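Undergrad: Can you keep this structure in mind? I'll have questions shortly.
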């Protein structure tokens, strides 16, 4: 570890409390992107991030979302959050690489009543962990970049590379408008002069060992709607006389996936890459204990080996049933026949599946089920779009810098992993910049992104800020 | 129609606007019994009704609920609503029959965002209809008794019979505590000296023809819980590696009932009474048009004859799937694997099914499915209790008075019907008083009890108040 790195790490350690306070300010903004009532807060969050980076001296701009507005299912038209772009330092340094940093500042829904132990939008420290929605996904990491750059500035360390920033507020839905910004509206910004892209929006596999990530699954989100009446019906008066929407929907949802996780939709697995011997070798060195994984989350695993579990996570497709809109979902009893119910599910896609083929298979399946059920009820399928999987090469200058930085902070070589989640724009950045992308996670595998009690360990938060600093410093040496 | 009846009817007509305003006051109280946050309002509603009847001069009392408190699924213990009893006139008249009037003043859940066109707790008049939660189920009818007694008093008409009142606030859940009050705590009030019981808590079959009702289905409410993790999981990271609770729950819910409405639970139909030729005859005179029923509610019917549709409604069991607690139920997308999901369903029971047998069949079925799914997830069944069906004899003094009163108000003879809904205590009253019960509905078949846009037609509301008056007057002649 060189002197600059050491100086940087010491400074980060000394500012721990201030850095936690900053994260608290970021978490407090309820930037839930998928809900209409929090859309203003999501927009505010994007502007807030712009102002934060401007204080650093970065040249920031707010770009109107190219898709401008979206329609919610209830018919209301809402403005889409803008996208924040930036350049730092404001004046480009010659003979330095240019790195694009992407992150998102919107979050998943969260309510205390969902089963949180603390208020989700009040960052709460407990046993070395910082609980709050967005703490790890993805406000902590975005703020991490800002904080290390502030620290470098305070220490008089020149920014080691030219940076471009792209921070959005629709990642948790579908990154609406971002692809248009990248490939059309601002292709000057994205498609020229970027040597590599860096994203911190995933997690370590476990809780102890850091990793660098070179692959992601894609995702296609679906909803099936069944409608059986003009309004909800009393189950005493109508039960036994009318064809109920819930009965049909539950049959359709039940036809999609088996208990063992296998997908029941014809053709869905046709395009999945076969496992090669070379791929099998890549699992061997990875530090991942299925017993710990199982215990940590109190889950029951579908597979009994490390290799098959990792494959289930990142190289095979999966289908999850998320819930039903329109049916009774509160505690207690309500003996109603819901008039219209909307079943939500998503399919994680892997190489070489394509969105077109997946959507087509699901459409055919729903048509087949509709025919099989012979239901007179209205049944229709919606797909909000499909995001492709991403698969990179885990070598080259980005990964070399990432390996050194990881060793500097954590004293170990990182595992080289793929991930099961989806960051829709990773592939877009790779295609637009025609240069590599690296995923460099900050949080741990038990952070609980999207769930109740999402958290980031103080160790990971502070370690991640150092990691980003060391990573940029190493890139500057190249 | 005699002079007293005519005088009474004219007075009711003249007070229409005031009567609508009174209903508006009653509807405004959010007495949703199944939800913890509205429990104080439910309790307030019971006290409010006591005060309303006291103004009439009735001798009212508030009885603590014999079950005292209940535990909600989240662990909180809440006071149960009390039960309001009353006697009118305060001094018993000799040589007059004593009639028990029962009603409930709690309501089903309702939120504007459920899809109501108006605020559910603001009674709103539109095209001769009064929209509001509880307008028809069951605040309108309870208030109707009060208003006709007030009117009689104002006209100087002596109350034709001795009345006892029983108004509760837990009907929409399970009438918790009421059976204990009837058979134990206040068996003096219920078990002696009551000649007949009258309940107005159901509806006409259609929208034009009045009816009197002599049978009800019972109900057993169930929830199946499946738990797969300590907290909600990110479907990218966990999808394809863990056994998901939703997958299991959807399979279990899907195994309960077929699209054609037939119940898939072994043994459930074993105790259902066979249809006799005599029973078949009773359907013939009934004015019920399945085409109108279908069109009015925009539903698809399971059966293509009037007889079979009525049988499906009131003499065969039915199973409805109501919804899932714990899964994502809001608009938008949330790509989460819910940690614990609770599927809610209910079975409407008919003679001679018993709660014990139904619960036992469902328990066995869930155990069978658990074994079939071979799931390592935690699966458990809850039943909040089963209410027996009720089947009376549609003749005797109550029904004779009801027939005359119906003819006086509407100019036609009522249909003699059974109903598919459940009023748990009907059978209890029959058993406790050892005397007959009559159901004398106020609302129309399209009122939408339990659904969005619940309403009562002004015609039915005002007609119902007259009906109650004429009914009591006819009872007084006997």
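The values are calculated or read from the model by the stated rules, or taken from the named source; none is laboratory data. Just so it is clear, the structure is predicted and the values come from calculations on it, not from any experiment. All Cβ positions, glycine included, derive from the backbone under ideal geometry; neighbour counts span all protein chains shown.
Undergrad: Taking only region A:339-352 into account, find how many residues are surrounded by fewer than 22 Cβ atoms within 10 Å (Cβ to Cβ) and either in a loop (DSSP other than H, G, I, E, B) or not assigned by TED's automatic domain parsing to the domain that holds residue A:383 (or both).
TA: Qualifying residue count, region A:339-352: 2.
Undergrad: Filter region B:231-256 for residues that are modelled with pLDDT of 95 or more and not in a helix (DSSP H, G or I); which is surrounded by the fewest Cβ atoms within 10 Å (Cβ to Cβ)?
TA: For region B:231-256, the residue satisfying everything is B:255.
Residue by residue, here is whether (1) within 14 Å of chain A (Cβ to nearest Cβ); (2) part of a helix (DSSP H, G or I); (3) surrounded by fewer than 24 Cβ atoms within 10 Å (Cβ to Cβ) holds:
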residue	(1), (2), (3)
B:66	no, no, yes
B:90	no, no, yes
B:95	no, no, yes
B:102	no, no, no
B:133	yes, no, no
B:136	yes, no, no
B:141	no, yes, no
B:153	no, yes, yes
B:158	no, no, yes
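Undergrad: While we're looking at this one, here's another question. Could you please let me know if residue B:330 is in the same structural domain as residue B:373 (by TED's automatic domain parsing) and touching a residue at least 40 places away in the same chain (Cβ under 8 Å)?
TA: Considered against the rule, which asks whether it is in the same structural domain as residue B:373 (by TED's automatic domain parsing) and touching a residue at least 40 places away in the same chain (Cβ under 8 Å), residue B:330 comes out as no.
Per-residue answers, yes or no, for (1) closer than 26 Å to residue B:116 by Cβ; (2) in contact with a strand residue (DSSP E or B) (Cβ under 6 Å, 6 or more places away or on another chain):
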site	(1), (2)
B:130	yes, yes
B:136	yes, yes
B:140	yes, yes
B:145	no, yes
B:151	no, no
B:160	no, no
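Undergrad: What tally of residues in region B:257-266 results from selecting those that are more than 7 Å from chain A (Cβ to nearest Cβ) and either assigned to a helix (DSSP H, G or I) or touching a strand residue (DSSP E or B) at 6+ places or on another chain (Cβ under 7 Å) (or both)?
TA: Final tally of qualifying residues: 2.
Undergrad: Of the residues that sit in region A:277-309 and are in a helix (DSSP H, G or I) and in contact (Cβ under 8 Å) with a residue 40 or more places away in the chain, which one is nearest to the other protein chains (Cβ to nearest Cβ)?
TA: Step one: list which residues in region A:277-309 are in a helix (DSSP H, G or I), which gives A:277-283, A:290-297, A:306-309.
From what's left, in contact (Cβ under 8 Å) with a residue 40 or more places away in the chain: A:282, A:292-293, A:296-297.
Working: A:282: 17, A:292: 13, A:293: 8, A:296: 8, A:297: 5 Å.
Within region A:277-309, the match that is nearest to the other protein chains (Cβ to nearest Cβ) is A:297.
Residue-wise test of (1) more than 18 Å from residue B:194 (Cα to Cα); (2) in contact (Cβ under 8 Å) with a residue 24 or more places away in the chain; (3) not in a strand (DSSP E or B).
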| site | (1), (2), (3) |
| --- | --- |
| B:395 | no, no, yes |
| B:401 | no, yes, yes |
| B:447 | yes, yes, yes |
| B:451 | yes, no, yes |
| B:473 | no, yes, yes |
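Undergrad: Among the residues of region A:448-478, write down those that are under 15 Å from residue A:211 (Cα atoms) and in contact with a strand residue (DSSP E or B) (Cβ under 6 Å, 6 or more places away or on another chain).
TA: A:460
Undergrad: Out of the residues in region A:320-338 that are under 18 Å from residue B:299 (Cβ atoms) and facing chain B (nearest Cβ under 7 Å), which is surrounded by the fewest Cβ atoms within 10 Å (Cβ to Cβ)?
TA: That would be A:335.
Undergrad: While we're on this one: Every residue in region B:115-129 that is touching a residue at least 60 places away in the same chain (Cβ under 8 Å) and either surrounded by fewer than 24 Cβ atoms within 10 Å (Cβ to Cβ) or in a helix (DSSP H, G or I) (or both), please. So that I can check it myself, show each step before the final result.
TA: The initial filter retains those residues of region B:115-129 that are touching a residue at least 60 places away in the same chain (Cβ under 8 Å), namely B:115-118, B:120-123, B:125, B:128-129.
The answer is B:115, B:116, B:117, B:118, B:121, B:122, B:125, B:128, B:129.
Undergrad: Something else: For the subset of region B:77-88 comprising residues that are in a loop (DSSP other than H, G, I, E, B) and in contact with a helix residue (DSSP H, G or I) (Cβ under 6 Å, 6 or more places away or on another chain), which member is surrounded by the fewest Cβ atoms within 10 Å (Cβ to Cβ)?
TA: Once the filter is applied, the top-ranked residue is B:82.
Undergrad: Tell me which residues, restricted to region B:363-387, are within 14 Å of chain A (Cβ to nearest Cβ), in contact with a strand residue (DSSP E or B) (Cβ under 6 Å, 6 or more places away or on another chain) and not in a helix (DSSP H, G or I). Talk me through it step by step, then tell me what you get.
TA: As a first pass, look at region B:363-387 and keep what is within 14 Å of chain A (Cβ to nearest Cβ): B:369-379, B:382-387.
The next check asks that each one be in contact with a strand residue (DSSP E or B) (Cβ under 6 Å, 6 or more places away or on another chain); those that pass are B:370, B:377-379, B:382-384, B:386-387.
Of everything in region B:363-387, those that are within 14 Å of chain A (Cβ to nearest Cβ), in contact with a strand residue (DSSP E or B) (Cβ under 6 Å, 6 or more places away or on another chain) and not in a helix (DSSP H, G or I) turn out to be B:377, B:378, B:379, B:382, B:383, B:384, B:386, B:387.
Undergrad: Quick one: in region A:186-196, of everything that is out of contact with any strand residue (DSSP E or B) (no Cβ under 7 Å at 6 or more places or on another chain), touching a residue at least 12 places away in the same chain (Cβ under 8 Å) and not in a loop (DSSP other than H, G, I, E, B), which residue is surrounded by the most Cβ atoms within 10 Å (Cβ to Cβ)?
TA: A:190
Undergrad: In addition: Considering only residues that are within 12 Å of chain A (Cβ to nearest Cβ) and under 13 Å from the mean Cα position of the chain (by Cα), look in region B:420-446 and name the one that is surrounded by the fewest Cβ atoms within 10 Å (Cβ to Cβ).
TA: Taking the candidates together, the pick is B:424.
Undergrad: Same structure again: Is it the case that region B:457-470 has a residue that's within 14 Å of another protein chain (Cβ to nearest Cβ) and modelled with pLDDT of 95 or more?
TA: No: region B:457-470 contains no residue that is within 14 Å of another protein chain (Cβ to nearest Cβ) and modelled with pLDDT of 95 or more.
Undergrad: Something else now. What's the number of the only condition in (1) touching a strand residue (DSSP E or B) at 6+ places or on another chain (Cβ under 6 Å); (2) part of a helix (DSSP H, G or I); (3) surrounded by fewer than 21 Cβ atoms within 10 Å (Cβ to Cβ) that residue A:183 fails to meet?
TA: (1)
Undergrad: Related question: Only one residue in A:272, A:341 is touching a residue at least 40 places away in the same chain (Cβ under 8 Å), more than 7 Å from chain B (Cβ to nearest Cβ) and farther than 24 Å from residue B:263 by Cα, so which one is that?
TA: Result of the check over A:272, A:341: A:272.
Undergrad: Being touching a strand residue (DSSP E or B) at 6+ places or on another chain (Cβ under 9 Å) and either in a helix (DSSP H, G or I) or not assigned by TED's automatic domain parsing to the domain that holds residue B:344 (or both) is true for just one of B:5, B:42. Which residue is that?
TA: Selected residue: B:42, the only one of B:5, B:42 that is touching a strand residue (DSSP E or B) at 6+ places or on another chain (Cβ under 9 Å) and either in a helix (DSSP H, G or I) or not assigned by TED's automatic domain parsing to the domain that holds residue B:344 (or both).
Undergrad: Which one of these does residue A:429 not meet: (1) at pLDDT 95 or above; (2) within 19 Å of residue A:144 (Cα to Cα)?
TA: Going through (1) at pLDDT 95 or above; (2) within 19 Å of residue A:144 (Cα to Cα) one by one, residue A:429 breaks only (2).
Conditions tested, residue by residue: (1) within 30 Å of residue B:244 (Cβ to Cβ); (2) in the same structural domain as residue B:167 (by TED's automatic domain parsing).
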{"site": "B:354", "(1), (2)": "no, no"}
{"site": "B:358", "(1), (2)": "yes, no"}
{"site": "B:366", "(1), (2)": "yes, no"}
{"site": "B:433", "(1), (2)": "no, yes"}
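Undergrad: Before we move on, is residue B:226 touching a helix residue (DSSP H, G or I) at 6+ places or on another chain (Cβ under 9 Å) and in a strand (DSSP E or B)?
TA: For residue B:226, the condition - touching a helix residue (DSSP H, G or I) at 6+ places or on another chain (Cβ under 9 Å) and in a strand (DSSP E or B) - is met.
Undergrad: Something else now. Quick check on region A:214-230: of everything there that is under 30 Å from residue B:419 (Cα atoms) and facing another protein chain (nearest Cβ under 7 Å), which residue is surrounded by the most Cβ atoms within 10 Å (Cβ to Cβ)?
TA: A:228
Undergrad: To continue, here is another question. Determine, yes or no, whether residue A:322 is modelled with pLDDT of 95 or more and within 30 Å of residue B:114 (Cβ to Cβ). Working first, answer last.
TA: Values: modelled with pLDDT of 95 or more: yes; within 30 Å of residue B:114 (Cβ to Cβ): yes.
Here the answer is yes, as residue A:322 does meet what is asked.
Undergrad: If you don't mind, there's one more thing I want to ask. Considering only region B:6-33, how many residues are over 14 Å from residue B:461 (Cβ atoms) and surrounded by 22 or more Cβ atoms within 10 Å (Cβ to Cβ)?
TA: Total satisfying the criteria: 4.
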